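Working notes, beginning with the structure itself.
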Amino acid sequence: MINIKSIKPLSDRVLIRPVSKEEKTESGIIIPDTAKEEKPQEGEVLSVGPGKLSESGERLPLGIKAGDKVMFRKYSPDELEVGKETLLIISESDILAIIG
Amino acid sequence: MINIKSIKPLSDRVLIRPVSKEEKTESGIIIPDTAKEEKPQEGEVLSVGPGKLSESGERLPLGIKAGDKVMFRKYSPDELEVGKETLLIISESDILAIIG
Amino acid sequence: MINIKSIKPLSDRVLIRPVSKEEKTESGIIIPDTAKEEKPQEGEVLSVGPGKLSESGERLPLGIKAGDKVMFRKYSPDELEVGKETLLIISESDILAIIG
Amino acid sequence: MINIKSIKPLSDRVLIRPVSKEEKTESGIIIPDTAKEEKPQEGEVLSVGPGKLSESGERLPLGIKAGDKVMFRKYSPDELEVGKETLLIISESDILAIIG
Amino acid sequence: MINIKSIKPLSDRVLIRPVSKEEKTESGIIIPDTAKEEKPQEGEVLSVGPGKLSESGERLPLGIKAGDKVMFRKYSPDELEVGKETLLIISESDILAIIG
Amino acid sequence: MINIKSIKPLSDRVLIRPVSKEEKTESGIIIPDTAKEEKPQEGEVLSVGPGKLSESGERLPLGIKAGDKVMFRKYSPDELEVGKETLLIISESDILAIIG
Amino acid sequence: MINIKSIKPLSDRVLIRPVSKEEKTESGIIIPDTAKEEKPQEGEVLSVGPGKLSESGERLPLGIKAGDKVMFRKYSPDELEVGKETLLIISESDILAIIG
């Protein structure tokens with residue numbers, strides 16, 4: 001089985017543990033998956049890549065770090081099943097804001 | 001709950017509090033949502049990101065700052081529900097002008 | 001109400017007051033809106049943005065200034081209603097020529 | 001009315017007076033407009049813009065000048081009616097060759 | 001027959017030996033190929049190219065090396081049949097993370 | 001009438017005199033125009049432009065010169081009728097190889 | 001007739017002699033052309049172009065040379081009939097790996 005700590009995202013990618021939320025709306029209606037995906041999600045950054053390579057061969061550092069809580073937009077993230085968890089790998093450009 | 005002050009937009013993104021307007025037209029007809037979205041909207045800038053990273057690794061500073069009142073074009077902004085408020089995260093390039 | 005003088009376009013955007021023209025053709029037929037939009041329009045530049053930011057962080061100055069009379073192509077400009085006037089915000093790249 | 005001499009194209013745009021040609025083919029058939037537009041046209045350059053702005057803020061000079069006779073490809077040029085003439089504004093990149 | 005050791009990927013390409021996985025789901029249903037291709041796959045890097053050529057003529061080195069175990073996204077990789085094995089050639093940009 | 005020697009292509013464009021070939025296939029069937037256009041054609045370079053302008057304002061010299069025999073791919077070249085000849089103006093990037 | 005040795009590819013193009021393979025599958029079924037084109041092919045590099053021109057006017061050298069055996073992906077290469085042979089001209093970027 002893959003060890004979470006051994007996962008090193010490449011380039012400007014980031015490993016995210018999504019935060020589950022209460023999925024029922026106020027009226028108690030369950031929001032279907034397609035609707036949820038169009039909203040920003042919360043998650044915790046587990047590890048970050050070294051950054052994209054610039055034309056001059058330098059790594060462009062990321063603006064986030066492991067431990068940051070972030071909002072991101074989930075369209076079709078790459079899902080990694082690690083044990084019973086589903087982690088996500090997304091590009092830093094899909095992260096909207098640090099929220100804590 | 002997320003604290004507005006702790007939200008730090010990334011890159012050239014901006015956190016906006018949209019200004020509600022009277023939605024009835026002069027004739028009293030309610031403008032449907034799709035029509036409204038095609039018009040520029042007003043909002044207040046709550047916080048701004050550090051700017052995009054240039055190829056040489058420098059942050060390109062934004063031309064707006066927290067407190068600015070702006071006009072922006074809302075197609076499909078990312079909405080954040082913070083308490084009872086709906087805030088928006090948009091890219092600086094979607095902001096048309098500072099209006100006050 | 002917004003004060004025209006306080007509107008500061010961002011980046012390479014320009015605030016334009018469109019010049020109304022006689023909309024009847026020689027034969028007296030009214031040209032429908034869709035047809036008109038495909039032709040260049042005249043307008044007066046009210047204010048200009050600071051220019052786009054180059055990769056090295058410099059503002060690239062615009063080639064037009066407030067007071068210029070210009071021809072521009074109007075597809076879907078952003079319209080601002082200021083009092084009874086409809087002003088437009090367009091990118092400098094949509095301006096074809098200075099005509100006076 | 002607009003004075004031709006006062007029209008200053010922006011960026012890499014060029015003001016062109018198209019040269020009319022005999023529109024009948026050898027067999028005497030009139031070529032419809034859509035067919036004609038797919039062929040290169042002749043014109044005279046009346047004035048040229050200052051050139052595009054490079055990333056370093058320099059104007060990139062045009063390779064043509066007022067007075068040049070040119071071949072260009074007309075898809076959907078911007079037409080300016082100046083008195084009884086129809087002039088065109090096109091980008092230098094739409095000009096194929098200088099022919100005299 | 002091609003010798004694996006003699007295969008030298010070009011540019012930022014990477015030669016990968018995909019790791020087969022148990023294809024049955026928990027319920028015992030066989031996942032069809034189209035569904036599997038949308039998930040990240042595991043593989044072992046056999047060799048890497050010299051990197052893309054930058055505008056200044058330098059090779060931009062890859063962030064992975066032969067022997068790395070990686071997760072990648074397989075849409076339509078180029079397949080090489082070498083003996084009884086099917087190897088893949090993919091671009092480094094399709095590799096999500098090093099996992100060991 | 002246009003004089004061939006006075007035609008000066010702009011940018012990276014090239015004036016070509018296409019070489020006619022036997023149009024019948026082995027079986028004697030005439031290949032229709034659409035089919036022919038998908039194959040590379042031969043031609044003679046009559047004159048070449050000064051090259052594209054780089055971002056720093058330098059002309060990027062062409063790799064071919066007047067007199068070269070070349071293979072090129074003809075999709076929708078711009079045709080110039082000069083007297084009884086049909087010449088072509090194409091971009092250097094559409095030329096595949098010098099063949100003599 | 002064209003002499004193979006006199007063919008000089010331009011830019012980053014490469015002249016390739018494709019290697020024919022056994023076209024029958026194990027079951028003896030003939031693979032139709034469309035299916036074959038989706039798989040990488042083998043070929044021998046006969047000659048290479050001088051490389052693309054960088055923005056600063058330098059040729060960016062190719063990573064392959066005449067004599068290399070390569071795998072490439074054939075979608076719609078330009079075919080040159082030279083005597084009884086069909087040679088291909090492809091861009092270096094369509095070459096996946098050197099295989100010998």
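The values are calculated or read from the model by the stated rules, or taken from the named source; none is laboratory data. For clarity, every value in this text was computed on a predicted model and none was experimentally measured. A quick note on method: Cβ atoms are made from the backbone with ideal geometry, for glycine too, and the neighbour counts reach across all protein chains shown.
Considering only residues that are more than 18 Å from residue A:51 (Cβ to Cβ) and either among the polar types (S, T, N, Q) or under 12 Å from the mean Cα position of the chain (by Cα) (or both), which ones fall in region E:50-64?
E:56
Hey, can you tell me all the residues within region D:71-85 that are more than 19 Å from residue D:10 (Cβ to Cβ) and not charged (D, E, K, R)?
Result: D:71, D:75, D:83.
Across region A:66-89, what is the number of residues that are more than 10 Å from the chain's Cα centre (by Cα) and under 16 Å from residue A:39 (Cα atoms)? First the steps, then the outcome.
So in region A:66-89, the residues more than 10 Å from the chain's Cα centre (by Cα) come out as A:66-68, A:75-76, A:80-86.
Among the residues that remain, those that are also under 16 Å from residue A:39 (Cα atoms) are: A:75-76.
Residues flagged as more than 10 Å from the chain's Cα centre (by Cα) and under 16 Å from residue A:39 (Cα atoms) within region A:66-89 amount to 2.
Could you tell me whether residue F:95 is of a type in the set (A, V, I, L, M), in contact with a strand residue (DSSP E or B) (Cβ under 8 Å, 6 or more places away or on another chain) and modelled with pLDDT of 95 or more?
On the way: of a type in the set (A, V, I, L, M): yes; in contact with a strand residue (DSSP E or B) (Cβ under 8 Å, 6 or more places away or on another chain): yes; modelled with pLDDT of 95 or more: yes.
Here the answer is yes, as residue F:95 does meet what is asked.
Given the condition among the acidic types (Asp, Glu) and in contact (Cβ under 8 Å) with a residue 40 or more places away in the chain, answer yes or no: does some residue in region D:46-65 qualify?
Initially, region D:46-65 is screened for residues among the acidic types (Asp, Glu), giving D:55, D:58.
Still in the list and also in contact (Cβ under 8 Å) with a residue 40 or more places away in the chain: none.
Within region D:46-65 (the criterion being among the acidic types (Asp, Glu) and in contact (Cβ under 8 Å) with a residue 40 or more places away in the chain), the answer is no, since none of the residues qualifies.
If you go through region E:81-99, how many residues are surrounded by 14 or more Cβ atoms within 10 Å (Cβ to Cβ) and touching a helix residue (DSSP H, G or I) at 6+ places or on another chain (Cβ under 9 Å)?
The total comes to 4.
Which pairs do you get when a residue that is within 14 Å of chain C (Cβ to nearest Cβ), found in region B:74-100, comes within reach of a residue that is in a helix (DSSP H, G or I) and modelled with pLDDT of 85 or more, reach meaning Cβ atoms under 9 angstrom, with the pair 6+ apart or on two chains?
From residues that are within 14 Å of chain C (Cβ to nearest Cβ), the pairs are B:74/B:94; B:75/B:94; B:98/C:6; B:99/C:6; B:100/C:6.
Which of (1) surrounded by fewer than 20 Cβ atoms within 10 Å (Cβ to Cβ); (2) modelled with pLDDT under 90 is the odd one out, the single condition residue A:77 does not satisfy?
Against the list (1) surrounded by fewer than 20 Cβ atoms within 10 Å (Cβ to Cβ); (2) modelled with pLDDT under 90, residue A:77 comes up short only on (1).
Is it true that residue C:77 is touching a Phe, Trp or Tyr at 6+ places or on another chain (Cβ under 7 Å) and not aromatic (Phe, Trp, Tyr)?
No.
Is it the case that residue E:15 is within 11 Å of another protein chain (Cβ to nearest Cβ), in a loop (DSSP other than H, G, I, E, B), modelled with pLDDT of 95 or more and crowded, with 20+ Cβ neighbours inside 10 Å?
Numbers: within 11 Å of another protein chain (Cβ to nearest Cβ): yes; in a loop (DSSP other than H, G, I, E, B): no; modelled with pLDDT of 95 or more: yes; crowded, with 20+ Cβ neighbours inside 10 Å: yes.
Here the answer is no, as residue E:15 does not meet what is asked.
Is there a residue being away from chain E (no Cβ under 12 Å), crowded, with 16+ Cβ neighbours inside 10 Å, at pLDDT 95 or above and in contact with a Leu (Cβ under 9 Å, 6 or more places away or on another chain) anywhere in region G:49-71?
Checked against the condition, which is being away from chain E (no Cβ under 12 Å), crowded, with 16+ Cβ neighbours inside 10 Å, at pLDDT 95 or above and in contact with a Leu (Cβ under 9 Å, 6 or more places away or on another chain), region G:49-71 yields at least one hit.
Would it be correct to say that residue G:28 is on the phi > 0 side of the Ramachandran plot, at pLDDT below 95, out of contact with any Pro (no Cβ under 7 Å at 6 or more places or on another chain) and assigned to a loop (DSSP other than H, G, I, E, B)?
The answer is yes for residue G:28.
When the residues of region D:1-10 are filtered to those that are at the interface with chain C (Cβ under 7 Å from one of its Cβ atoms) and either among the aromatic types (Phe, Trp, Tyr) or in a loop (DSSP other than H, G, I, E, B) (or both), which remaining residue is farthest from residue D:51 (Cα to Cα)? Step through it out loud before you land on a result.
Initial filter on region D:1-10 (at the interface with chain C (Cβ under 7 Å from one of its Cβ atoms)): D:2, D:6-10.
From what is left, the residues that are either among the aromatic types (Phe, Trp, Tyr) or in a loop (DSSP other than H, G, I, E, B) (or both) are D:2, D:7, D:10.
Working: D:2: 23, D:7: 15, D:10: 7 Å.
The extreme case among them is D:2.
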